Amino acid sequence: MPSASPASSASPPLSAFSAPSARHRVLVVSPTFHGYWRSIEDALARRGHDVRTLRYDAYDTVAAKALLKARVELPERLHLPGDRRAAERRRVTDRAIAALAEHRPDRVLVIKGDLLDERFWDALADTPRILWLYDDLHRHDYTTAFLREVGPVLSYSPSESAQLRDAEGVDARFMPDAFDPHRVGPSAHRSGEIAFVGSGYANRFTTLGELAHRGLPVHAYGRDFSRHLLDRLRTWSWSRPAITASRDVPLEQAYRVVGEAAAAVNIHGLQTGHAMRTFEIPGMGGVELVDRDDVEMFYDVGTEVAVWHDLDELEDLARRALADPRWAQGLRDAGRRRTLAEHTFDHRMETVDSLWD
């Protein structure tokens, strides 16, 4: 993989990116999911567009979250009769259609969007739209026939985008996830932790628990690891692994956690693409220990990130990160340079603009 062009510790200025051929009124239709919508909105605005965002699944108050659990999640857990998701889809779609009428966009970027029913897509009429799936296809409720009709589909998965394009006839393109350097800057503080931020899958519980058992200073952040009563109620689960854990943290704090840690562990689940964390750890000048060889699509393995294949290898890398600050700093500096040069939301929205043009 060729070396990235040099980049400063600051985000590349707007002039470093090609300007769009036209300025548009853009509506971003996005899940709330950790606030990534704001990074997308801001990157489009830096390109000169007039941007508004509809968070279609916004449950911003405690009352709204409790109502969702009472109306939808609890009845599903109890296997009560009735399709409560359908009613929620209607409510969410009504809000999305109202946003279209209010903002009258001439371009629409839909992120995930699978809570929206067919009335939303009908309401778009001939408005140019792009659907971005920054998660695996099996996590979305879309048929192949729908994806053929919807317009350009961007997938974070190289294998799924190729399958959709080459075997299914979908206008599908590969667009990876990204890092937002405008959220918060890197820190010189070091926590001494072997950090993990994210959801709790079985393989993550096992891996992090074993690292802690071997004496590593593991600290996991997220509701699935937290022992707080509210998090146990939110996740419908009482059991937790025997590791140091904290509650969910806002995205800006998650950025700081992975940047300041002695090393940050990136453990994928059954994912075919690389999640945001792949770019956030090196983007924040962190030491990334990642479990996927195909990270070489984005980073030089050994100089910008480190790859592990089993627990013994992960333990060795974690101990080296704790004991060898010169090696760790080399990864930090090189990984951040690469990320700023190639993997920011500004780069991804430049791709989106090229499809609209």
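The values are calculated or read from the model by the stated rules, or taken from the named source; none is laboratory data. None of the values given here were measured: they were computed from a predicted structure. No Cβ is skipped: glycine too gets one built from the backbone with ideal geometry, and neighbour counts run over all protein chains shown. Note: areas computed on protein heavy atoms with side chains; ligands, DNA, RNA excluded. Shrake-Rupley method; radii C 1.70, N 1.55, O 1.52, S 1.80 Å.
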Residue 301 to residue 326: FRET efficiency via 1/(1 + (r/R0)^6), r the Cβ-Cβ distance, R0 25 Å, to the nearest 0.05? 0.85
Using alpha-carbon positions, the gyration tensor of region 155-221 gives root eigenvalues a ≥ b ≥ c; with a/c under 1.5 called rounded, otherwise prolate if a/b exceeds b/c, else oblate, the class is oblate
Can you tell me which of 177-184, 324-331 comes out highest on packing, and rank the rest after it, using the mean Cβ neighbours within 10 Å? 177-184, 324-331
Just to verify a number: FRET efficiency for residue 126 and residue 214, C-beta to C-beta distance, R0 = 51 Å, to 0.05? 0.30
log₁₀ I(q)/I(0) of region 229-346 at q = 0.09 Å⁻¹, via Debye over equal Cα point scatterers, no solvent, to two decimals? -0.26
Output ordering of 122-135, 41-54, 252-265 (per-residue mean of other Cβ within 10 Å, highest first) is 252-265, 41-54, 122-135
So what's the back-of-envelope 222 nm ellipticity for the chain, counting only DSSP H runs of four-plus at -39500 (n - 2.57) apiece and dividing by all residues, rounded to 500? -12000 deg cm²/dmol
Dipole size in debye (nearest 20) for the chain around its Cα centre, Lys and Arg Cβ +1, Asp and Glu Cβ -1? 1320
Length-normalised contact order of the chain, Cα under 8 Å, at least 6 apart, in percent, tallies to 18
Here FRET efficiency (C-beta to C-beta, residue 104 to residue 232, R₀ 56 Å, nearest 0.05) is 0.80
Gap separating the Cα centres of region 169-240 and region 326-357, nearest whole Å: 21
Once fully extended, how much extra length lies between residue 253 and residue 138, figured as 0.36 nm per residue of separation less the alpha-carbon to alpha-carbon distance? 38.4 nm
Can you classify region 309-356 as rounded, prolate or oblate using the Cα gyration tensor, where a ≥ b ≥ c are the square roots of its eigenvalues, rounded means a/c under 1.5, and otherwise it's prolate if a/b beats b/c and oblate if not? oblate
If you stretched the chain out fully between residue 189 and residue 165, how much longer would it get, using 0.36 nm times the residue separation minus the C-alpha to C-alpha distance? 4.1 nm
Where a ≥ b ≥ c are the square roots of the eigenvalues of the C-alpha gyration tensor, would you call the chain rounded, which needs a/c under 1.5, or, failing that, prolate if a/b is larger than b/c, or oblate? oblate
Under Stokes-Einstein, region 278-333 at 4 °C and 1.567 mPa s, with its Kirkwood radius over C-alpha pairs, diffuses with a coefficient in µm²/s of 116
Please list, in order, the residues from region 134-167 whose amide nitrogen is less than 18 Å from a point placed 7 Å along the Cα→Cβ vector of residue 21. 152
Give me the dipole magnitude in Debye, nearest 20, for region 93-136 about the Cα centre, with unit charges on the beta carbon: positive for Lys and Arg, negative for Asp and Glu. 200
Keeping every protein chain present and rolling a 1.4 Å probe, give me the accessible area per residue for the chain in Å². 45
Could you work out which residue, out of 297, 175, 276, moves most in a Gaussian network model of the chain, that is, has the largest mean-square fluctuation with Cα springs under 10 Å? 297
